[in-house]
Protein chains: 2
Amino acid sequence: MGNVDESWKSIEGGVAAPKGFYAVGVQAGIKYKDKYDVALVFSQVQAQAAGVYTRNLVKAHPLYLTQRHLHDGLAQAIVINSGNANACVGESGDQVALAMAEVVAMYTAIPVEDVLVASTGVIGVEMPIERVLNGIRTASAELLGDMVKGIRGQKDTTDDGAHRAALAIMTTDTTVKEHAYEFPCSQGGVITIGGMAKGSGMIHPNMGTMLGFLTTDASIPSAELQRILRETVDESFNMVTVDGDTSTNDMVLFLANGASGMTLSGEDLLNFEKMVKMICTQLAQDIARDGEGASKFMEVMVSGAKTKDDARKIARSICGSSLVKTALFGEDANWGRIFTAAGYAGAEFDPQKVDIFLGDLVVAQAGRGVAFSEEKAKEILQFKDVHINLNLHLGEECATAWGCDLTHEYVTINGSYRT
Amino acid sequence: MGNVDESWKSIEGGVAAPKGFYAVGVQAGIKYKDKYDVALVFSQVQAQAAGVYTRNLVKAHPLYLTQRHLHDGLAQAIVINSGNANACVGESGDQVALAMAEVVAMYTAIPVEDVLVASTGVIGVEMPIERVLNGIRTASAELLGDMVKGIRGQKDTTDDGAHRAALAIMTTDTTVKEHAYEFPCSQGGVITIGGMAKGSGMIHPNMGTMLGFLTTDASIPSAELQRILRETVDESFNMVTVDGDTSTNDMVLFLANGASGMTLSGEDLLNFEKMVKMICTQLAQDIARDGEGASKFMEVMVSGAKTKDDARKIARSICGSSLVKTALFGEDANWGRIFTAAGYAGAEFDPQKVDIFLGDLVVAQAGRGVAFSEEKAKEILQFKDVHINLNLHLGEECATAWGCDLTHEYVTINGSYRT
């Protein structure tokens, strides 16, 4: 994550932390009672907007709508529901996504094209339309109330609206994933960035829906925002999601409303990019750490690669290997599985040059096992966070991926998800 | 598997069923006591030989030796051990593989270049050299005794030597995988084909070692044998092993010693190819069925694809999906996961045309869910064998893949494999 400036400050407020942003979460009863399941994120003014989407050929209905509404690089609201993916249900799915956007637009008096929609949950089941629209009405009304307070200067960033929004996008997640930071601008003011995410089923990272939402009060054109988002997602969210193996609903959206009055350039822009990357990395790690049934978190760093792409492929291949994951669960220093997963990653390397480390313990050198203390290995593997490092000794490129172990609990959770 | 001729006959004897082949299995104590762990397959005369190997960049030591010894398309013996993969241990691994071949060559008085070697087991641990070589000496001695009986016309194909060989190549396998068939040749005689295989960890099919060994007394040049083996493996063993995701030790070898006196051509050659495919398909299904911790077997058939490659990619992607596997374990008709796995397979199709069937029950049509009887779905999913069919309605190509469910038992087995 590079050098984090000491003047950067972690703050409360999640996606509502940046000036002019509001967020709420409500309980609409889409799938479960007593669970927040509709979130609304709103900017007081039209914002520059960027988005990245699943590469799965099978795409959920809201994804098409959001892509269309983002075409002009402008948006003002994001409405999200959990409990139903609104995917693979035919034309009614498109109608539901549109209706969700229309309710927000009507209540908040903005063009429907400025409303983005995201969903997560079970695929192929019709959305309980009345419940979700009622939830959106409630959320919109609450948000308008908050906004009136905000305009009166009574906006309370310690309010739990953003927190409830972060709760509302969760499915099998067990932890809320939200972060907000601010940094001082060279022009004298402060720029704030907020973010929230959800990720489930990440123990087999290639299929659980991953959603991420970022907000900032910096002023930045949508094309620039899109570039930063794309680059950042590749090194953060996409390093817990195997490339091309994304779900039908994955998306990450970023709104920049310029309410700080600060236009980004020079060092400020660099700081902004670094901070976006830091927040996305934290959210990505949160997702890996909260993998379904996970008892351990793993960070795999591959260095000495000829190309960045090779490093990424190998790091992700190791993180995604069921046999590495179960060995991690069993606290077994089975480096042969790590090496094997590297070998089928489709990346270029010379097996005879590879060093493998568990934490700071070398377990293989120049492609072959070395005598190592099983006791020390056991000690390292007993930690909740396990670091695996590979040095390919071929070049200068490196990459990091995050994952978790594969446990009995994962099988239990996923053996009965739909029913 | 096409039209199986009624004149084809399933027989006893496994890889030793074809004329002039012998096989034994012994207990060498490589990793466990009281387990067969060294197998020797031997042809009375030098045989035409073919092989296909892992595409993993990290390759086990015996693989290099076997490739070298097979370079001339000729071989006479195959020695296999389980309990140690002889992989990633440096130069000593090459020396061990060579020593294994040398002991066979010395005892059976054949050139060392005609001995092929395969290993399966834990990676990165030195082979207990004395134990494996002693085992090979015992196996060679026993085999010579059998051969003497054979030359005297006392060869007993119901002898359990081949069965013990099939036991000796197993690791976490719970069932022996061997088949033998004969068919009448148009020239008046009979041609016999035998096969055995091992496959473990196949629940995540891309990493467990898969070994297959085939024998026949047909007379066929090695180049032709290689073509048939390559084509067959692609549609059998490789359909339980995700492409490019093979282990460090995978290989399939085929010896044809011509002892039947029958040279293959015309219809006989076609029958031969069909029978090889049938045996390999049965062995592949055996492997899927015996996946680590598996409680269910799944067959995924994709039809209506534009290209064979598309059909194969989708079928394998579904079989390899952890979420499909856990849904199968939970007997949950979660067709959204099946569709999602198709979507990220990297194949071309139109999501809006896809029909999905569980057994004969349609669960999605034209890319969207249809109302189906949950009761009927439950009934289908309660069977030990579950059939999933996708019709892409794009073309004429189809492919079938095999897999199994992902269970608690899988996690237990693989959480403590090495230790």
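Values in this text are rule-based calculations from the coordinates and carry no lab data. Since we're looking at a predicted model, the values are computed, not measured. Using ideal geometry, Cβ is built from the backbone for each residue, glycine included, and neighbour counts are taken over all protein chains shown.
With the crude spin-label approximation of a point 7 Å out along Cα→Cβ, what separation in nm comes out for A:Leu74 versus B:Glu231? Between A:Leu74 and B:Glu231, the simple spin-label model gives 6.2 nm. Computed from label points 7 Å out along Cα-Cβ, the spacing between A:Ser295 and A:Glu267 is 4.9 nm.
How big is the charge dipole of segment A:297-415 about its Cα centre, in debye rounded to the nearest 20, if each Lys and Arg gets +1 on its Cβ and each Asp and Glu gets -1 on its Cβ? List each step's numbers first, then the result.
Numbers: 12 positive and 17 negative charges, 55 e Å.
Dipole about the Cα centre, nearest 20: 260 debye.
Each copy carries a label point for A:Glu273 at 7 Å from Cα along the beta-carbon vector; from one copy to the others these points are 5.7 nm apart, nearest first. Placing unit charges on the Cβ atoms only, positive for Lys and Arg and negative for Asp and Glu, gives segment A:9-289 a dipole magnitude near 320 debye about its Cα centre. Dipole of chain A computed with +1 at Lys/Arg Cβ and -1 at Asp/Glu Cβ about the Cα centre; of A:Val362, A:Gly336, A:Thr138, farthest Cα towards the positive end is A:Thr138.
Multiply the residue separation of B:Lys306 and B:Thr175 by 0.36 nm, subtract the distance between their alpha-carbon atoms, and state the gained length in nm to one decimal. Please report the intermediate quantities before stating the final value.
Numbers: separation 131, 0.36 × 131 = 47.16 nm, distance 3.71 nm.
Full-extension gain reported as 43.5 nm.
Counting only trypsin sites (Lys or Arg not before Pro) that DSSP places in a loop and that have at most 13 other Cβ atoms within 10 Å, the longest clean stretch of chain A runs over A:153-383. Could you work out how far the C-alpha centroid of segment B:49-70 sits from that of segment A:332-366, in angstrom? With segment B:49-70 and segment A:332-366 each reduced to a Cα centre, they are spaced 20 Å.
From the alpha carbon centroid of segment A:133-189 to that of segment B:77-145 is 66 Å.
Can you list the distances in nanometres, one decimal and ascending, from the A:Gly145 label point to the identical position in each other copy, with the point 7 Å along Cα to Cβ? From this label point to the equivalent ones elsewhere in the assembly: 9.0 nm.
Counting 0.36 nm for each residue step from A:Glu6 to A:Glu396 and taking away their Cα separation leaves a gain of 137.6 nm.
For segment A:295-396, which GluC sites (Glu not before Pro) pass both filters: DSSP loop (anything but H, G, I, E, B) and at most 15 other C-beta atoms within 10 Å? Please report the intermediate quantities before stating the final value.
On the way: sites: A:Glu299, A:Glu331, A:Glu348, A:Glu374, A:Glu375, A:Glu379, A:Glu396; in loops: A:Glu331, A:Glu348, A:Glu396.
Filter output for segment A:295-396: A:Glu396.
Dividing the mean sequence gap of close Cα pairs (under 8 Å, 6+ apart) by how many residues chain A holds gives a relative contact order of 18 percent. Looking down the axis that turns chain B into chain A, the chain B residue with its beta carbon nearest that axis, and the gap rounded to whole angstrom, comes out as B:His408, 2.
In nanometers and ordered shortest first, the copy-to-copy spacing of the A:Lys306 label point, defined 7 Å from Cα toward Cβ, is 3.1.
If R0 is 25 Å, the Cβ-Cβ spacing of A:Arg152 and A:Val112 corresponds to a FRET efficiency of close to 0.35.
About the Cα centre, and with charges only on the beta carbon of Lys, Arg (+1) and Asp, Glu (-1), how big is the dipole of the protein assembly as shown? Nearest 20 debye, please. Please report the intermediate quantities before stating the final value.
Values: 70 positive and 104 negative charges, 82 e Å.
Using Cβ point charges on Lys, Arg, Asp and Glu, the protein assembly as shown gives about 400 debye.
Hey, for a label at B:Lys378 modelled as a point 7 Å past Cα toward Cβ, could you say which residues of segment B:345-362 have their backbone N under 14 Å away? Backbone N within reach: none found. Ranking A:Val190, A:Ile314, A:Ala162 by Cα position along the charge dipole of chain A, where only Lys, Arg, Asp and Glu carry charges on their C-beta atoms, puts A:Ala162 farthest toward the positive end.
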